[in-house]
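Written below as structure tokens is the structure these notes are about.
The values are calculated or read from the model by the stated rules, or taken from the named source; none is laboratory data. Owing to the predicted nature of the structure, the values given are computational and were not obtained by experimental measurement. Cβ sites come from the backbone with ideal geometry, for glycine too, and all protein chains shown count toward neighbours. The protein model used for the area step is the full one, side chains on, heavy atoms only, and it has no ligands, DNA or RNA in it. Shrake-Rupley method; radii C 1.70, N 1.55, O 1.52, S 1.80 Å.
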Amino acid sequence: MTEVRSTLVGTVAHIPVAVGAPVALGAELVLIESMKMLYPVTAEAAGVVADLRVAVGALVQPGDVLLTLDAAVATNDAPPRADTGAAVGRPPDGRRPDLAEVVERHRGGSDEGRPGAVARRHGGGKRTARENIADLCDPDSFVEYGPLVVAAQRQRRSLDELIERTPADGVVVGIGRLEGRSIGVVAYDYTVLAGTQGFQGHRKQDRLFDVAARSGLPLVIFAEGGGGRPGETDWIGVAGLDVPTFAGLARLSALVPLVGIVSGRCYAGNAALLGLCDVIIATADANIGMGGPAMIEGGGLGVFAPEDIGPIDVQTANGVVDLAVADEAEAVAAARRYLSYFAGRAAADQRGCADQHRLRDLVPEDRTRVYDIRPLIETLADTGSVLELRRAFGPTMITALGRVDGHPIGVVANDPMQRSGAIDADGADKAARFLQLCDAFALPVLFLCDTPGIMVGPDAERTALVRHVSRLFVVGANLDLPTATIVLRKGYGLGSMTMAAGGFKQPLCCVAWPTGEFGGMGLEGAVRLGFRRELEAIADDAERERFFAAKLAGLYERGKALSAATAFEIDGVIDPADSRRWITATLTAAPPPVRAGKRRPFVDTW
């Protein structure tokens, strides 16, 4: 005879066996309730129930005998264990009801469960939020925060309606992987209430921004949407101006790379989040504005179609958009490419480059002839690695990301095709802000200098040039990263100093190509100013021109690259084909920066 005892304090809730009943090894004999949980007591050997010592409702203590088993008459014909309810009500596929309910709720909010919304989206030539995420992230790597959330409108809509019409509160939030590295993603869903910002959606983003800050996750935001949402009822407040979302994203500036993507309409709060990102990628049909048509009309400022507000040509020319692309597929590809520069050195099979001897002929021998510097940058960098930002804005300066021997770098170059490469207010702002971006994420910077100096004249001064150009000195002189300068041709005045982080001894190296020439100001201007009296005293035009040419040649001889190197104003004059070796030797000489938190407080949005 075997006694079966209790191992805990509790109340007998159920006795599924009776005296004389055969039981198998492991069969459930008694169910005890303790601390609101049910604990089964099972048979440790086969046998027949000989006696019951307790009844349902009895309070038992550890060691109390519950029943006895007669092992002598054990049988293999004992009935199966009592059904615990695990299989009751299961659908044909075998899922238990609680899991089936969750799976169905997830399916209902997915693209599969919303065929009508997906069809309308595709009919407009666009992808869904989840399709964009699937394209951005590695397969099956995305996990979503708050997918079962609905709009905070339970006082005016039924829960069933909210589940059907407002899945995820119109914003998909979560963590995925990109080329094996973790990233955070926010994707507004325009099929849900026009991608507007709801109370719960803000909470989800706040959650992700906190996770991104603690985990150092780069963040991609698909920002299409109409801004703040009227009609929320399930919160206590007046205007919602205490929402922490915008400050939370702003605090991520300079901590993690921030990428904003917009296709279609992006207004008000959605546009504010977009503007907080380091880089904005926009499609050809994008309209971006701090207020949409309704807000503009409500303010008594006129009636405008959505297409009139911040179209792509406006937002690229004014510098809001960094990369203009054709569609969402190109936008996602551009985001993947941009983030790759912050993921370290490229693989060995991606470090090839063009024949560097081509560089010897890309700057014309005629010092007065302009040339296109972009093919020069493409040749100098690893093949296919150059990504130019803000091309349509501040065109006198070129800012681009690239790689040399696999190492990611930032490139700042003067464009001789635009005002001879003179630095104006917009160009200075563009370059200064790009330097902050590089500094925040420790990307070494290569300056390619070919400038006659800072732009001058009454029109230039109307742009607050004095202040704008000074940003290049302030930012450049305070960079905490390796820099290098190559003077391709003109290196004149203060402008050329801004192309060397504030002065020719600031970069780790400052070298010139044989075409380099230097001076405190443009040589022609120096002759006309320095020899004005002599020139005015020569009556014969031809003789005056010969005098001018002779003085100019003398200044050029004195200021050419070889002369500057002789005086050690620069570190040397190099064969253009040897440029990559200088870049890798200097920009990778310093040890990787040790980073604890932010390297700078934030990256200027402008």
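Points worth noting:
- Filtered residue count, segment 476-486, keeping only those that are open to solvent by 10 Å² or more (accessible area, probe 1.4 Å) and either among the small types (G, A, S) or touching a Lys or Arg at 6+ places or on another chain (Cβ under 8 Å) (or both): 2
- Index of the failed condition, I409 passing every other in (1) crowded, with 24+ Cβ neighbours inside 10 Å; (2) part of a helix (DSSP H, G or I); (3) not polar (S, T, N, Q): (2)
Here is a yes/no grid of residues against (1) in a helix (DSSP H, G or I); (2) among the hydrophobic types (A, V, I, L, M, F, W, C); (3) open to solvent by 10 Å² or more (accessible area, probe 1.4 Å); (4) farther than 13 Å from T451 by Cα:
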| site | (1), (2), (3), (4) |
| --- | --- |
| L488 | no, yes, no, no |
| A501 | no, yes, no, yes |
| Q506 | no, no, yes, yes |
| G525 | yes, no, yes, yes |
| A539 | no, yes, yes, yes |
| E543 | yes, no, yes, yes |
| K551 | yes, no, yes, yes |
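- Residue selected from segment 324-352 under the condition among the acidic types (D, E) and open to solvent by 40 Å² or more (accessible area, probe 1.4 Å), by the criterion nearest to R403 (Cα to Cα): D349
- Flag: A561 matches the condition of being in contact (Cβ under 8 Å) with a residue 60 or more places away in the chain, buried (at least 20 other Cβ atoms within 10 Å of the Cβ) and touching a Pro at 6+ places or on another chain (Cβ under 8 Å).
- Of the criteria (1) in contact (Cβ under 8 Å) with a residue 40 or more places away in the chain; (2) under 25 Å from A117 (Cα atoms); (3) over 13 Å from the mean Cα position of the chain (by Cα); (4) open to solvent by 10 Å² or more (accessible area, probe 1.4 Å), which one G198 fails: (4)
- Residues of segment 1-30 that are free of Cβ contacts under 8 Å to residues at least 40 places away in the same chain, open to solvent by 30 Å² or more (accessible area, probe 1.4 Å) and in a strand (DSSP E or B): none at all.
- A537 passes every criterion in (1) among the small types (G, A, S); (2) under 16 Å from A565 (Cα atoms); (3) at pLDDT below 95 apart from (2).
- Taking the numbered list (1) within 23 Å of K490 (Cα to Cα); (2) open to solvent by less than 20 Å² (accessible area, probe 1.4 Å); (3) within 23 Å of the chain's Cα centre (by Cα); (4) free of Cβ contacts under 8 Å to residues at least 60 places away in the same chain in turn, S385 passes all entries but (1).
- Filtered residues of segment 272-297 (kept if assigned to a helix (DSSP H, G or I), closer than 19 Å to A392 by Cβ and open to solvent by 10 Å² or more (accessible area, probe 1.4 Å)): G275
- Condition met for R467 (assigned to a helix (DSSP H, G or I), open to solvent by 30 Å² or more (accessible area, probe 1.4 Å) and over 24 Å from E388 (Cα atoms)): yes
- If the condition is being of a type in the set (K, R) and in contact with a strand residue (DSSP E or B) (Cβ under 9 Å, 6 or more places away or on another chain), then segment 542-582 contributes R558, K560, R580.
- Residue match in segment 356-376 (condition: crowded, with 18+ Cβ neighbours inside 10 Å and of a type in the set (K, R)): no
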